[in-house]
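One structure is given here, and the rest of the page talks about it.
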Amino acid sequence: MRAPASGLRRVALWAAALGLALLLIGLAAAWAERREARLQADSVRRSMEVHALALRDAAGKYRHLPFTAGLHPDLRAALERPRDAAAQARANRYIAEVNREAGSDALYLIGADGVTRAASNWDTPQSFVGHSYANRPYFVDALAGRSGMFYGVGQTTGAPGLFLSAPVRSDSGAVRGVVTVKVSLHPQQAAWAYARDPILLSDARGLVFLSSVPGWLYHALRAVPPAEMDRMRSEQQYGPRPGFPALPWRVDREPGKPGESGEGGEAGYLVRTELGGKSRRFLAVDEPLPELGWTLTMLSDHAEVARAGERAWLLGTLAAAVLLLGGLYWQLRERRFAEQRNARRELELRVRERTQALDEAHAFRKAMEDSLLVGMRARDAEGRITYVNPAFCTMTGYAAEELLGRLPPYPYWHPDDVAQHWQHYEAMMRGEPALSGFESRLMHRGGREVITMVYTAPLVRADGTHAGWMSSVVDITEQKRAEQRQRQNDEQLQHAQRLASLGEMASTLAHELNQPLMALSNYASAAKAFAQQGRADLLADTLDETMAQAQRSAEIVRRIRGFVRQQTAGTEACAVDALVANALALVRGDMRQRGARAQVRIAPGLAPVRGDRVLLEQVLLNLIANALQAMEATPPQDRTVDIDAQACGGRLCIRVTDRGPGIPAALAEQVFAPFFTTKPAGLGLGLNICRTIAEAHRGRLSFADRPGGGTVFTLELETDAP
Amino acid sequence: MTATPSAPANHLCVVDDDEAVRRSLGLLLLSRGHAVQTFASGEDFLAGADLQRPGCAILDLRLGGMSGLEVFHALQAQDSPLVVVFLSGHGEIPMAVAAVQSGAFDWLEKPCHDERLLDTVGRALQRAGEIAARRQARQAAQALWDKLTPREMQVARLVAEGKPNKQIAQELAPLEQRTVETHRAHAFAKLGLANSHQLDRFLREHGL
């Protein structure tokens, strides 16, 4: 919608500009032409002045000659005495003399009747003497007492010339005759021939009587009125001519107005004519010669003017073209500038957008990093910390400024794990980071232990070179603790489950035992009463009942052993190391809680034992648990349970040794007795049942003092001999 | 109802699924001059014993069928005057405590000392006697009360609250004050009471 409109407007604009340019060029050309014409006219006028001067000179030189000559007595005499031949001769000689001296064409004396009395050419065949020139205007003028001037063709000679006349007066002042001098203008005309441009001289009637172009002679510049024609015929001014053809000119332009022509007078006018068979245009300039009554016209080749115009046109066009090209170039430049400006602006905009996008991305990244719970740490190729995120700072308790630029050992390394940290660091430096991550213990600034999972990846620059390492550090302390708790729970649960059968059995046993005990007590009491009452029969019955209940109690205790034996029904080959390991696994939580360690030494190549795996593990578990409990008062660094297994005399001995206070000799007898316990919450069945289990496996459970404090329990079992 | 007003509350029941315990207890109590009924299960006890006769029931907590507590709740539901003493075994102490809190007289842990057992049983029987006496008094009072006409009962309750005749007449309108006075006199005469204070106490003591 807009483009065509603007296109149209542009076309209109261009057209207007073109029109304006053409108009300007036209004006410039016209001006140049006019100026050239004026210059030419000036130049023509200048050269014409020379010609005019020559003409005036030619006329002026002889102006007073007739008058002067007329004063001569000889001439007067000749007029006075027309019949006096001598006088005539003297006059002739005189006139001839003067004529010769003056250099004029002819000098002659005409009587008042118009007949020539004496002439400079009296002795030539063309002598004027005797000829009447009464019809000639110069004669008429002189006779009237005026000096005459007339250009015409000689009636006698037929040669054109300027006739200057003066009256010859008598002493009384009456006009007696006329002296006329004829001056040929031929030398002037001849001089014109050398002029480059045509020159012509016309009289008051517009008849050309002198011209550098012979063809133009006796042609009329303008139409001659018939009266004038008649007069001319009678005066014989230009000889016997029937008429005067019009000059073959075509005046193209009116002569410029005098006001416009400046100092040089009229600017001239344009003439088109044929010359030498060619159509030519001339600039014509007229120069009136008022004292002579003539008009000198000089032509100048108009080609110069035209050329000037053409030059102006050319120059104008060239200038316009240059302007146009310049304009086009300028426009192109502007357009390019505009494009560049737009491009720059667009670039700036894009840069701004990009910057904004970058800022947003940066803010986004920062928010992301800040919100991360995972610690991020970047290090350069030397291991210098170059970046840490807030989560990492929180994790370690150090501010970012304290960590940036640090080389290992880093302040947050756990003092107990320094060797391990170095190991990890060196592995990373070698370019072998554990990509799957490794567990690492850190020390929070506040002294808190932080267990982390560290994942490290190489940090690669955009150009592909290795810049350092980026690690993500995940705090797994809670998870670890939870795991530990879970493991402890699991162990306790397993432990409890393993003990469940025994515990349940013990509980049942306790309840079952309570019944006969209650009955025993009741019967005894009743017996006592009956005894006091002297009721012997009832007393005896009651005592029988009492005995029965005692038997029943014993039976219940027997059943416990039977129960245990029943449990050992399933037997299998059990590897000793597996038994020990399983038992240890169950007390690991307890062991960690107590800060105790276990030292296991199992002789290689031991034969497996045959028995119930769960019960045997239960025995070992009880022994280890007892050992741990025995070391409650032992300093933590000494809390070590030694478990060693070896062959002893065809059987297998597993020894569990503690470093507790040992078993006092006073209690040694009761250790294996049922319901014996040193523990407030103990049932007192542990070792008793252990021994029962050992015996059920045809083994033995015994104990001894450990040299240096503590107790050694030895479980002796049969091996599963093939 | 079946008991004579002067009968002592010496009815003793032992419920235990262990025969030795049951028999030894029976023998022990017999040796101290108590007549004892023994039952092997809660169901037998509830079916065979006179549950409305005041006395003492010794219940084992851990029984074969119904548990001791269930039996106890059944007794409570029947508003039995029997005083309950529980026997608890190993690990049943919390249950026994809960039973006492819900109204049982006491509990004994097996095996228990005979003196403590006899002492507890003695105190339980004493409590049973008290309960029996209270029951008797209430029955007598109820008998007196039942002699009153419904209108007399109405008037008597309001009198016990200490309200004057005028107000009673207003509350029971269209009853005249004089009629109220008549009902009041009849009620006092029938119940053998002298004033409104005695009437109030009579109604409170016997839960009327």
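Since every read-out is calculated from the coordinates, none of them should be taken as a lab result. All values reported here derive from a predicted model rather than from experimental measurement. When we count neighbours, we look across all protein chains shown, and the Cβ atoms used for this are built from the backbone with ideal geometry, even at glycine.
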The range A:404-457 - Rg and Dmax from Cα coordinates, angstrom: 11.1, 32
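How do B:S67, A:S165, B:S80, B:S31 rank when sorted from fewest to most other Cβ atoms within 10 Å of their own Cβ? Provide the component values of the computation, followed by the final result.
Values: B:S67 16, A:S165 29, B:S80 21, B:S31 25.
Listing B:S67, A:S165, B:S80, B:S31 from fewest to most nearby Cβ atoms yields B:S67, B:S80, B:S31, A:S165.
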Calculate, axis by axis, the spread of Cα positions in the range B:58-208 along the three principal axes, and write the results as whole Å, longest axis first. 70, 26, 21
Peptide ranges A:277-290, A:139-152, A:326-339 listed from the most packed, as the mean C-beta count within 10 angstrom indicates: A:139-152, A:277-290, A:326-339
Taking amide H atoms as placed 1.01 Å from N in the peptide plane, list the residues 5 or more away in sequence, or in a different chain, whose amide H sits under 5 Å from that of A:G662. A:G710, A:T711
For A:L71, residues with placed amide H under 5 Å, excluding near neighbours: none
Tally Lys/Arg at +1 and Asp/Glu at -1 over every other residue whose Cβ is under 12 Å from the Cβ of B:D16; what's the total? -1
With equal scatterers on the alpha carbons only and no solvent term, can you work out the Debye log10 of I(q)/I(0) for the range A:287-419 at 0.15, 0.20 1/Å? -0.94, -1.15
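At a 10 Å Cβ-Cβ cut-off, how would you order A:I643, A:I110, A:I476, A:I689, fewest neighbours first? Before the final figure, lay out each step's value.
Numbers: A:I643 21, A:I110 28, A:I476 16, A:I689 25.
Fewest-to-most ranking of A:I643, A:I110, A:I476, A:I689: A:I476, A:I643, A:I689, A:I110.
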Ranking of A:I95, A:I602, A:I199 by count of other Cβ atoms within 10 Å, fewest first: A:I602, A:I199, A:I95
Can you tell me the orientation of helix B:114-146 relative to chain B, as the angle in degrees between its alpha-carbon axis and the longest Cα principal axis, to the nearest 10? 20 degrees
log10 of Debye I(q)/I(0), alpha-carbon scatterers only, for the range B:11-137 at 0.12, 0.14, 0.21 Å⁻¹: -0.38, -0.53, -1.30
Have a look at A:G103, A:L358, A:H186 and report the one farthest towards the positive end of the charge dipole of the protein assembly as shown, computed about the Cα centre with Cβ charges (Lys/Arg +1, Asp/Glu -1). A:G103
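Roughly how compact is the range A:372-475, stated as its Cα Rg over 2.2 N^0.38 Å to two decimals?
Numbers: Rg = 12.7 Å, N = 104, 2.2 N^0.38 = 12.8 Å.
In units of the 2.2 N^0.38 Å rule of thumb, it is 0.99.
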Cross-link partners among aspartates and glutamates for A:K61, C-alpha distance below 19 Å, same-chain residues fewer than 8 apart left out? A:E49, A:E97, A:E101, A:D105, A:E291
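Averaging the inverse of every distinct alpha carbon separation and then flipping it gives the Kirkwood radius. What is it for the range B:147-205, in angstrom units? Present the calculation step by step, with values, prior to reporting the outcome.
On the way: mean 1/r = 0.0900 Å⁻¹.
Final number for the Kirkwood radius of the range B:147-205 is 11.1 Å.
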Please state the relative contact order of the range A:570-722 as a whole percent: Cα pairs under 8 Å, 6+ residues apart? 24 percent
For the range A:221-229, Karplus-derived ³J(HN,Hα) couplings (6.51, -1.76, 1.60; θ = phi - 60°; whole Hz; x for glycine and proline) come out as 6, 9, 5, 9, x, x, 4, 4, 4
Over chain B, relative contact order from alpha-carbon pairs under 8 Å, at least 6 apart, %: 16 percent
In chain B, lysine pairs 8 or more places apart or on different chains with C-alpha atoms under 28 Å apart total 5
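Please list the equivalent ellipsoid semi-axes of the range A:1-106, computed as the square roots of five times the alpha-carbon gyration tensor eigenvalues, in descending order and whole angstrom.
Values: eigenvalues 1233, 23, 12 Å².
Taking √(5λ) for each Cα gyration eigenvalue gives 79, 11, 8 Å.
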Would you mind checking the radius of gyration and Dmax of the range A:570-722 based on alpha-carbon positions, in Å? 14.8, 45
For the range B:162-170, in order, what is each residue's ³J(HN,Hα) by Karplus, 6.51 cos²θ - 1.76 cosθ + 1.60 with θ = phi - 60°, in whole Hz (x at glycine and Pro)? x, 7, x, 4, 4, 5, 4, 4, 5
Can you give the calculated 222 nm mean residue ellipticity of chain A, where each DSSP H run of n ≥ 4 adds -39,500 (n - 2.57) and the sum is split over every residue, rounded to the nearest 500 deg cm²/dmol? -17000 deg cm²/dmol
Check A:F703: other-chain or 5+ apart residues with amide H under 5 Å from its amide H, H built from backbone geometry? A:T714
Order of A:347-358, A:50-61 by packing, highest average Cβ count within 10 Å first? A:50-61, A:347-358
Its Cα gyration tensor gives the protein assembly as shown an equivalent ellipsoid whose semi-axes in whole Å, largest first, are 181, 51, 19
How big is the C-alpha Rg of the range A:62-184 next to the rule-of-thumb value 2.2 N^0.38 Å, as a ratio? 0.90
Unpartnered cysteines of chain A (Cβ-Cβ under 4.7 Å counts as a partner)? A:C393, A:C574, A:C690
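Under 8 Å for C-alpha pairs, at least 6 residues apart: give me the relative contact order for chain A, rounded to a whole percent. The partial results should precede the final answer.
Values: 1149 pairs, mean separation 49.1, N = 722.
Computed value for chain A: 7 percent relative contact order.
Chain B: longest stretch without exposed GluC sites (Glu not before Pro) (DSSP loop, at most 15 other Cβ within 10 Å), sites themselves excluded? Mind showing how you got there, number by number?
Numbers: sites that count: B:E161, B:E176.
It works out to B:1-160.
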Rounded, prolate or oblate: which fits the range A:379-434 when a ≥ b ≥ c are the square roots of the eigenvalues of the alpha-carbon gyration tensor, with rounded for a/c under 1.5 and prolate only if a/b beats b/c? oblate
In sequence order, calculated HN-Hα J values of the range A:356-372 (Karplus, 6.51, -1.76, 1.60; Hz; x Gly/Pro): 4, 4, 5, 4, 5, 4, 5, 4, 4, 4, 5, 4, 5, 5, 5, 7, 5
